[in-house]
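**Student:** Before I ask anything, here is the structure I am working with.
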Amino acid sequence: MDLPGVGPRLRERLKEHYGDEEKALQAVRDGDLLGLCSTLSERQALQLVQYARALKFRVSPDEFLATDEAVRIYSLLISRLAGFAHTEYARLKIGTLFPSSSQELIEENRLAASRSLEVARRMEGLGIEEQLRSIRPLRERSASRVRERAVAASNAEDFQRLKSRGLDRFIDLHLAESPQELLALARSYSVVSLVGGGMVDVEEVERAESLEDWYLVPEAVLGFYRENMETLAAAVEAASKLQAAGVEDFRGWEDFFDRISRLGDKSDIEAERLSRLAARLEGCVDQAASTANEELKRRIENSSLTLDGTDLLQVMSRGDGIRELFEIRMKGIYQEVLKEAKERAREELDLKGAEEVWLDEIFSSAVSYPLELDRGALRSFEQELRSRQEERGLKAKRELARGLADERNRAETLVHILMEFDYSYALGSFTLKEGLSFPEIASETGLCFQGARNLSLEQPEKVSYCLGGGPGEPPEMVALLSGVNSGGKTTLLDLISQIVILAQMGLPVPADSCRMGLFEQLYYFSKSRGTLSAGAFETAMRKFAVVENEKRKLVLADELESITEPGASARIIACMLDELNRRGSAAVFVSHLAEDVRRFSETPVRVDGIEAEGLDENNCLVVCRSPRYNYLAKSTPELILDRLVRTTKGQEKEFYSRLLGKFR
């Protein structure tokens, strides 16, 4: 398959990203926009997916929109529709929609849009939008390295096997061939898992029950899910809403949903207590010791030591020093203060069970001032707390990692389902909130609509119009549209473009009802900004000449008379309308030269008018926006003169009357 806009360099990048050329081509066929956008620009990715889809239906994605103005209207519609998307995937996929003349493609899109409307009705008011905004493609990043645990191998063969698996990227890996080496490791880590046999059990080291990653380093498995936790949690919640509404069936997904919910559950009260205790232990013990030292100092300063004769003889005969004698006399005070310090620390730290025994190790019972702390015992207690916390969390991690080890594809599938749902939901919401309806597709060329609304206006008036006949409607396919300035003629051309483009994308249109035949091309020539130079005029004429082809087409033109002198413009417009009439095409030309054009035309040309009923007290037009068939509407100057005739007197009124007569 030749890919438009993809040269050798981009082709190589696609092959590198997807693995080979066939996989890259399949990604284009499947519409893998997110993957393509990681290698190409968004415009290139959209172009490729459109091209592949068009090729399937034997059309070209850029064939229908034949002018820049038609492309502009299409772009505005896509932008408005994309505003209903909540995910980047849905926004990109909306950008792959394009109008065409393929009945198969249009019908396929109509069926999808019909289902989308039903989905939007079911989900209306359920608040799924918040979850959809959190859905993103799942990211792949390396898990954070585990620092507090280690894996030890008892022999070089097992060590090399674990290393070749890349286990050392996630956790410290050691070769320990003796119990002494294992004990040394146990003192440095909260948990050490031993792989391999041939060594006696060491109490401080656990023997690995499995060699799988989920056991040795569950973080390697859980890291992917934790990295994407926000998306997965939102996806689970959204899936529950879709299941409840009967939009999707997620039966059989319950275990996966439960594991994802548990992944974000941090409600282990005991683990939280151990974590707080380890973090606060040293600070609380130091504070208790400081308070105890102040109390000891106060009591000692308020005490006195009296030696009687017996004490003096004991010191002289047995060699006991004054310090020993002091310790004996002050032991009661010291033990009382020490007891208060340990009680204070126990209450502050919320110690439980055997944990209180550690205070006896940390607070020295030997009489001294200042009170001494055993820092080694303190560190050992901290290590035990972290080990208990790690062991408690490790068991839960292993259980969760075991269940999620082979569930990545399921996670990817869930996110893809929800991104596809968002695309469908955006189409349905667009239809529902804009009040759109599906047009009736007829076999004959023509376009008739009632109660249509221009999507670019905030408070549009409903408009009805017809080309090619309908119940009670004129049969002409080609019409000139007359009317006052600012009466809505250009707005009507935009509206016709919106209806035709949406209909030929297979989407509903902004009208209460619509019946139309399919066109092969849409030409929309916008208003020129003044008389063109000779060269520019020639360029313009070459553009207009494209309407000479034999394809079924709709041609819209806005005041072409501005490109040159009025007399020449009328002849050019008349010639174009004659050619379109002869080829059975449909056309609406806005012009202030309707009478001149009709005079130069060789085929019947209908003149319709957007009628202004007059001016209000602020000189603003009072207009009926739906055109009147076979009616030449008044111009703005004529309306103003008519108002002046009715509001003046005498010679001034007679002057305005003579001017007004020139218009009639």
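**Student:** Could you please rank 275, 526, placing first whichever residue has the fewest other Cβ atoms within 10 Å of its Cβ? Before the final figure, lay out each step's value.
**Tutor:** Details: 275 16, 526 19.
Sorted ascending by nearby Cβ count, the order is 275, 526.
**Student:** Mind pulling the angle between the C-alpha long axis of helix 566-582 and the longest principal axis of the chain? Nearest 10 degrees, somewhere in 0 to 90.
**Tutor:** The helix 566-582 is inclined about 80 degrees to the chain.
**Student:** What relative contact order, as a whole-number percentage, does region 146-216 give when Cα pairs under 8 Å and 6 or more residues apart are counted?
**Tutor:** Numbers: 111 pairs, mean separation 24.9, N = 71.
RCO, region 146-216: 35 percent.
**Student:** Using only the alpha-carbon atoms, what does region 147-295 span along each of its principal axes? Please give whole angstrom values in decreasing order.
**Tutor:** For region 147-295, the Cα extents along the three principal axes come out at 63, 59, 23 Å.
**Student:** Now a separate question. When the expected Rg is taken as 2.2 N^0.38 Å, what fraction or multiple of it is the alpha-carbon Rg of region 1-56? Write down the numbers at each step before the final one.
**Tutor:** Working: Rg = 9.7 Å, N = 56, 2.2 N^0.38 = 10.2 Å.
Dividing the Cα Rg of region 1-56 by 2.2 N^0.38 Å gives 0.96.
**Student:** Report, ordered by chain and residue number, the lysines lying within cross-link reach of residue 342, taken as a straight Cα distance under 26 Å and ignoring same-chain residues fewer than 8 apart.
**Tutor:** 297, 331, 352
**Student:** Taking the number of other C-beta atoms within 10 Å as the exposure measure, put 384, 476, 347 in order starting with the fewest.
**Tutor:** Values: 384 15, 476 21, 347 11.
Ranking 384, 476, 347 by Cβ neighbours within 10 Å, fewest first, gives 347, 384, 476.
**Student:** State log₁₀ I(q)/I(0) for the chain at q = 0.06, 0.07, 0.09 Å⁻¹ as given by the Debye formula over alpha-carbon point scatterers of equal weight, solvent excluded.
**Tutor:** -0.61, -0.71, -0.92
**Student:** Ok, one more. Averaging sequence separations of C-alpha pairs under 8 Å and six or more residues apart, then dividing by the length of the chain, give the relative contact order as a whole percent.
**Tutor:** Values: 975 pairs, mean separation 96.3, N = 664.
Here the relative contact order equals 15 percent.
**Student:** Here is a further query. Using only the alpha carbons, work out the radius of gyration and Dmax of region 1-127 in angstrom.
**Tutor:** Cα radius of gyration and Dmax of region 1-127 are 15.9, 50 Å respectively.
**Student:** Right, next: Find the Cα radius of gyration of region 445-520, compare it with 2.2 N^0.38 Å by division, and give the number to two decimals.
**Tutor:** On the way: Rg = 12.2 Å, N = 76, 2.2 N^0.38 = 11.4 Å.
For region 445-520, the normalised Cα radius of gyration comes out at 1.07.
**Student:** Also, I was wondering about something else. Per q in 0.16, 0.17, 0.18 Å⁻¹, report the Debye log10 I(q)/I(0) for region 146-216, using one uniform scatterer on each alpha carbon and no solvent.
**Tutor:** Here the Debye-derived log intensity ratios amount to -0.46, -0.52, -0.59.
**Student:** Summing +1 for each Lys or Arg and -1 for each Asp or Glu, what net charge is found among the other residues whose Cβ lies under 13 Å from the Cβ of residue 506?
**Tutor:** 0
**Student:** Now for a separate question. Once the convex hull of the C-alpha atoms of region 364-447 is built, how many Å³ does it hold per residue, rounded to a whole number?
**Tutor:** Details: hull volume 19.3 nm³, N = 84.
About 230 Å³ per residue, rounded to a whole number.
**Student:** Lysines within cross-link reach of residue 653: Cα-Cα under 26 Å, excluding same-chain residues under 8 positions apart?
**Tutor:** Straight-distance partners of residue 653: 634, 662.
**Student:** Ok, one more. Please give every one of the lysines within straight-line cross-link reach of residue 163, meaning a C-alpha to C-alpha distance under 28 Å, and leave out same-chain neighbours fewer than 8 residues apart.
**Tutor:** Result set, ordered by chain and number: 395, 397.
**Student:** I've got another one for you. Order of 33, 351 from fewest to most other C-beta atoms within 10 Å?
**Tutor:** Numbers: 33 25, 351 19.
Sorted ascending by nearby Cβ count, the order is 351, 33.
Laboratory data are not the source of any read-out in this text; all were calculated from the coordinates shown. The shown structure was predicted, so the numbers you read here are calculated from the model rather than taken from an experiment. Neighbour counts run over all protein chains shown; Cβ positions are idealised from the backbone, glycine included.
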